[in-house]
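The values are calculated or read from the model by the stated rules, or taken from the named source; none is laboratory data. A quick note: this is a predicted structure, and the numbers were derived from the prediction, not measured. Don't worry about glycine lacking a Cβ; one is built from the backbone with ideal geometry, like all the others, and counts go over all protein chains shown.
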Amino acid sequence: MLAICMLISAGCGTSSSVTKQAEVPQSNARLEVLDEVGFTITEEEPVRDEVRAAYDEALRLIETGTLDDGVAKMQAVAEAEPALAAPLIDLGIAYHVSGDLEEAERYLSLARDLNANYPMLFNELGVIYRKTGRFEEARQSYEAALAIFPGYHFARRNLAVLCDLYLADFQCALEHYEAYMATVPDDDEAEIWIADLQYRMNQQVR
């Protein structure tokens with residue numbers, strides 16, 4: 001089995017105890033909810049020890065910024081285990097970090113077509129859609145991430161910002177800012193954004 005949590009910028013969250021488990025519908029993936037904002041996902045596929053070790057090494061290289069070597073090793077893992085979405089997600093995120101949005105979207109789309117049950121996948125796609133000016137697609141992608149795991153606060157925050165700054169949907173923005181703050185109450189920056197948004201909404205009704 002291959003567990004994914006330590007994806008770059010995915011922010012799975014951490015906790016010492018599992019409080020809930022849920023099978024991801026129509027998927028070989030098991031989502032384990034750790035707390036309100038934390039989860040892990042395990043793909044229920046047998047993986048040879050050498051491939052597992054290669055995956056861990058590829059992920060370590062990507063996370064430490066050795067992207068070329070990490071990407072090459074992760075591509076080998078993806079070729080060795082074509083039924084797994086996790087290596088494709090990691091490749092998409094690595095290309096996103098490197099600034100190659102086209103390759104990032106390609107790998108994330110391949111992962112989605114293989115197994116569309118990963119909230120971090122849809123969050124990453126949402127960011128790419130937003131960066132490339134496809135704002136409604138970004139909204140749908142963030143919403144898809146939250147439909148899988150409503151506590152996924154990275155997607156919640158990104159959706160709030162999208163509604164606020166790019167779609168001018170202030171009610172949507174306020175709803176998701178407040179939901180985000182309910183799980184991440186110490187985000188001072190988001191508090192400022194909410195205050196600014198409320199001021200602009202009050203100005204509109206005058």
Exercise. Out of (1) farther than 10 Å from P119 by Cα; (2) surrounded by fewer than 19 Cβ atoms within 10 Å (Cβ to Cβ); (3) free of Cβ contacts under 8 Å to residues at least 24 places away in the same chain, what's the single condition that is false for T183?
Worked result: (3)
For this session: Could you tell me whether L84 is at pLDDT below 90 and in contact with a helix residue (DSSP H, G or I) (Cβ under 8 Å, 6 or more places away or on another chain)?
Result: yes
Exercise. Hey, any hits in the stretch 118-127 for a residue that's of a type in the set (D, E), closer than 30 Å to D196 by Cα and buried (at least 24 other Cβ atoms within 10 Å of the Cβ)?
Worked result: yes
Problem set entry | Counted residues, the stretch 136-178 - those being more than 17 Å from the chain's Cα centre (by Cα) and over 21 Å from I194 (Cβ atoms) | 1
Problem set entry | Output for the stretch 110-127, where each listed residue is in contact with a helix residue (DSSP H, G or I) (Cβ under 7 Å, 6 or more places away or on another chain) and over 15 Å from L91 (Cα atoms) | N117, P119, G126, V127
Exercise. Just a yes or no: is a residue in the stretch 147-169 at pLDDT 95 or above, buried (at least 23 other Cβ atoms within 10 Å of the Cβ) and of a type in the set (F, W, Y)?
Worked result: no
Seminar exercise, completed: Just one listed residue, out of L84, L61, is of a type in the set (A, V, I, L, M), in contact (Cβ under 8 Å) with a residue 40 or more places away in the chain and either farther than 20 Å from S141 by Cα or not in a helix (DSSP H, G or I) (or both), and it is L84
Exercise. Among the residues of the stretch 129-142, is any charged (D, E, K, R), surrounded by fewer than 20 Cβ atoms within 10 Å (Cβ to Cβ), at pLDDT below 95 and in a helix (DSSP H, G or I)?
Worked result: no
For this session: Only residues in the stretch 149-177 that are more than 22 Å from R134 (Cβ to Cβ) count as the first member; pair them with residues that are assigned to a loop (DSSP other than H, G, I, E, B) and among the β-branched types (V, I, T), Cβ under 8 angstrom, at least 6 apart or cross-chain, and list the lot.
Result: G151/V37; H153/V37; H153/V184
Exercise. Quick check, is Y107 surrounded by fewer than 23 Cβ atoms within 10 Å (Cβ to Cβ), assigned to a helix (DSSP H, G or I), touching a helix residue (DSSP H, G or I) at 6+ places or on another chain (Cβ under 8 Å) and hydroxyl-bearing (S, T, Y)?
Worked result: no
Seminar exercise, completed: Flagged in the stretch 178-206 as aromatic (F, W, Y) and within 15 Å of P150 (Cβ to Cβ), in numbering order, are Y180
